[in-house]
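Here's the structure, in structure tokens; my notes come after.
The values are calculated or read from the model by the stated rules, or taken from the named source; none is laboratory data. From a predicted model like this one, the values you see are computed outputs, not experimental measurements. Glycine also receives a Cβ, built like all others from the backbone with ideal geometry; neighbour counts cover every protein chain displayed. All accessible areas refer to the heavy atoms of the entire protein, side chains included, with ligands and DNA or RNA removed. Shrake-Rupley method; radii C 1.70, N 1.55, O 1.52, S 1.80 Å.
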Amino acid sequence: MSSFFKILKKSKKSKARLGLIKTAHGQIATPAFLPVATQATIKTLTPAEIKEIGFSALLCNTYHLYLRPGEKIIQKLGGLHQFMNWSGPIITDSGGFQVFSLGFGLEHGVGKIAGIFPENFKKPPKLVKPKLVKIDEQGAEFSSHLDGSKHQLTPQKSIQIQQALGADIILAFDECTSPLATKQYTQRAMKRTHRWAEICLKVKKRKDQSLFGIIQGGQWKDLRIKSAQFISQMPFDGLAIGGSLGKTKKDMLKILDWVIPEMPEEKPRHLLGIGYPEDLNKAIKKGIDLFDCVYPTRLARHGTFLTNQGELNILNSSYRRDKKPIMKNCSCYTCRHFSRAYLQHLFKAKEMLGPRLATFHNLWFINRLMKKIRKDIRNGKF
Ligand SMILES: [Zn+2]
């Protein structure tokens, strides 16, 4: 067994496993949820607050950091850990997801980026030919969402950027297809992703970084199984499941049932971009070890709090005079000190403290959920 990932216990009731990932910047107890620090910051919180909440690791977005401030600046300033003053483990994605999803996402109006499965649409979006992104065997050409400047991202370049940023775990460059793409197109993109995976393994030089391969194949069983088999036999340190996870959440679970039996036991498995509390539970039972998602922090900035009873929108008029905390029995800073009425006031007055307190609570909620799941696996109750 590699020293990078150790399985400490397997559930007898499900495929859930308790594990430990070791990196140069510390350990990650799995199953783990990684909050997303898109621009090298968890929006509104300091690294000290993230540690206080209890998270050991973060995920940063290569696409954003490459465009601004640029990986060379970050490298010159000592790498991502030093730049953002985060001493724990960091994962960077390959940039592929943003390049492709900003392309098809803007054009189709869909994407995991907004936490949207197409089932949630009132009117089905029209499929149009992508214009913002040009994809060929070499990589993807795209326009920056910041200033429209043209850029090219290739498997070579993605790995070089991620090596310069210096995260502990980096991801192979893949083509992420739209949930509305045809099977024929998805298959072409999958094969390209497989060829790119080989290039990423060859290009990666840093020994202190671990590289994860990405399984694609969209919503099709034969493609997903083929991709899982192909990526699994390659010498990656871990595996991630990416791309379109179907049209509904049920599709997502079906995809996990196809893919996970093809994945090696001894490598960590990351389900990219998923993080609703109920999805975490279900995916862990199917054998997923790692998650990342902007959902809890994005919801928080819009005044929506996660609770055991579901989502609570603080702007609801019924909370105007409500003295109660957001959640009974929550021991986070927000719930210990502030009423729903005060939090509503902050959001209505557009005070910055509102999103800060909401982000703190939502991340606290997700971290407690993950802690409980790990405890339950350890005690044979999950
Ligand atoms: Zn709380």
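Please find, within the range 73-102, the residue that is nearest to the chain's Cα centre (by Cα) out of those that are at pLDDT below 95 and among the hydrophobic types (A, V, I, L, M, F, W, C).
PHE97
Give the residue, chosen from ARG298, ARG320, that is modelled with pLDDT of 95 or more and under 21 Å from CYS60 (Cα atoms).
Values: ARG320 fails: under 21 Å from CYS60 (Cα atoms).
Unique residue meeting the criteria: ARG298.
List the number of the failed condition for LEU315; all other conditions in (1) away from the ligand (no atom under 16 Å from the Cβ); (2) over 30 Å from LYS12 (Cβ atoms); (3) not in a loop (DSSP other than H, G, I, E, B) hold.
All conditions pass for LEU315, except number (3).
Among the residues of the range 318-330 satisfying the criterion of being at negative phi, in a loop (DSSP other than H, G, I, E, B) and free of Cβ contacts under 8 Å to residues at least 24 places away in the same chain, which is surrounded by the most Cβ atoms within 10 Å (Cβ to Cβ)? Lay out the reasoning, then the answer.
Let us first name the residues in the range 318-330 that are at negative phi, namely 318-328, 330.
Narrowing further to those that are in a loop (DSSP other than H, G, I, E, B): 320-328, 330.
Keeping just the survivors that are free of Cβ contacts under 8 Å to residues at least 24 places away in the same chain gives 321-325, 328.
Working: ARG321: 10, ASP322: 16, LYS323: 9, LYS324: 11, PRO325: 19, LYS328: 10.
Top of the filtered list is PRO325.
Being at pLDDT 95 or above and either open to solvent by less than 20 Å² (accessible area, probe 1.4 Å) or of a type in the set (S, T, N, Q) (or both), is that true of even one residue in the range 103-126? Full working, then the answer.
Residues of the range 103-126 at pLDDT 95 or above: none.
Taking every residue of the range 103-126 in turn, none turns out to be at pLDDT 95 or above and either open to solvent by less than 20 Å² (accessible area, probe 1.4 Å) or of a type in the set (S, T, N, Q) (or both).
With the condition being among the basic types (Lys, Arg), I'd like the helices (runs of 4 or more DSSP H) fully within the range 141-249 carrying at least 2 qualifying residues.
Details: elements: 155-165, 183-203, 221-232.
Output list reads 183-203, 221-232.
Output the residue which, of all residues in the range 353-382 that are over 25 Å from the mean Cα position of the chain (by Cα) and exposed (fewer than 13 other Cβ atoms within 10 Å of the Cβ), is nearest to GLY275 (Cα to Cα).
My answer is LYS381.
Check whether at least one residue in the range 248-259 is buried (at least 21 other Cβ atoms within 10 Å of the Cβ), within 21 Å of the chain's Cα centre (by Cα) and more than 26 Å from TYR295 (Cα to Cα), and report yes or no.
Checking the range 248-259: not a single residue is buried (at least 21 other Cβ atoms within 10 Å of the Cβ), within 21 Å of the chain's Cα centre (by Cα) and more than 26 Å from TYR295 (Cα to Cα).
Can you tell me which residue in the range 351-380 is farthest from the ligand (Cβ to nearest atom), limited to those that are part of a helix (DSSP H, G or I) and small (Gly, Ala, Ser)? Full working, then the answer.
Here is the first cut: in the range 351-380, the ones part of a helix (DSSP H, G or I) are 353-378.
From what's left, small (Gly, Ala, Ser): 354, 358.
Numbers: GLY354: 14, ALA358: 9 Å.
Residue satisfying both the conditions and the ranking: GLY354.
Evaluate the range 332-341: report whether one residue or more is touching a Ser or Thr at 6+ places or on another chain (Cβ under 6 Å) and either open to solvent by less than 80 Å² (accessible area, probe 1.4 Å) or away from the ligand (no atom under 15 Å from the Cβ) (or both).
No: the range 332-341 contains no residue that is touching a Ser or Thr at 6+ places or on another chain (Cβ under 6 Å) and either open to solvent by less than 80 Å² (accessible area, probe 1.4 Å) or away from the ligand (no atom under 15 Å from the Cβ) (or both).
Yes/no matrix, rows are residues, columns are (1) surrounded by fewer than 18 Cβ atoms within 10 Å (Cβ to Cβ); (2) among the β-branched types (Val, Ile, Thr); (3) in contact (Cβ under 8 Å) with a residue 24 or more places away in the chain; (4) under 16 Å from ASP292 (Cα atoms):
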site: ILE28; (1), (2), (3), (4): no, yes, yes, yes
site: LYS43; (1), (2), (3), (4): yes, no, yes, yes
site: CYS60; (1), (2), (3), (4): no, no, yes, yes
site: LYS72; (1), (2), (3), (4): yes, no, yes, no
site: LYS76; (1), (2), (3), (4): yes, no, no, no
site: GLN82; (1), (2), (3), (4): yes, no, no, no
site: GLN98; (1), (2), (3), (4): no, no, yes, yes
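Quickly run through the range 275-295 and pick out the residues that are in a loop (DSSP other than H, G, I, E, B) and either modelled with pLDDT of 95 or more or closer than 21 Å to LYS22 by Cβ (or both). Walk me through it before giving the result.
Just the residues of the range 275-295 that are in a loop (DSSP other than H, G, I, E, B), to begin with: 275-276, 286-289, 294.
Scanning the range 275-295 gives LYS286, GLY287, ILE288, ASP289, VAL294.
Are any of the residues in the range 300-311 in contact with a helix residue (DSSP H, G or I) (Cβ under 8 Å, 6 or more places away or on another chain), in a helix (DSSP H, G or I), open to solvent by less than 10 Å² (accessible area, probe 1.4 Å) and within 15 Å of the ligand (Cβ to nearest atom)? First the steps, then the outcome.
Of all residues in the range 300-311, those in contact with a helix residue (DSSP H, G or I) (Cβ under 8 Å, 6 or more places away or on another chain) come to 300-301, 303-307, 311.
This time we only want the ones that are in a helix (DSSP H, G or I), so: 300-301.
Now drop any that are not open to solvent by less than 10 Å² (accessible area, probe 1.4 Å), which leaves 300.
Within this subset, residues satisfying the condition of being within 15 Å of the ligand (Cβ to nearest atom) are 300.
Taking every residue of the range 300-311 in turn, at least one turns out to be in contact with a helix residue (DSSP H, G or I) (Cβ under 8 Å, 6 or more places away or on another chain), in a helix (DSSP H, G or I), open to solvent by less than 10 Å² (accessible area, probe 1.4 Å) and within 15 Å of the ligand (Cβ to nearest atom).
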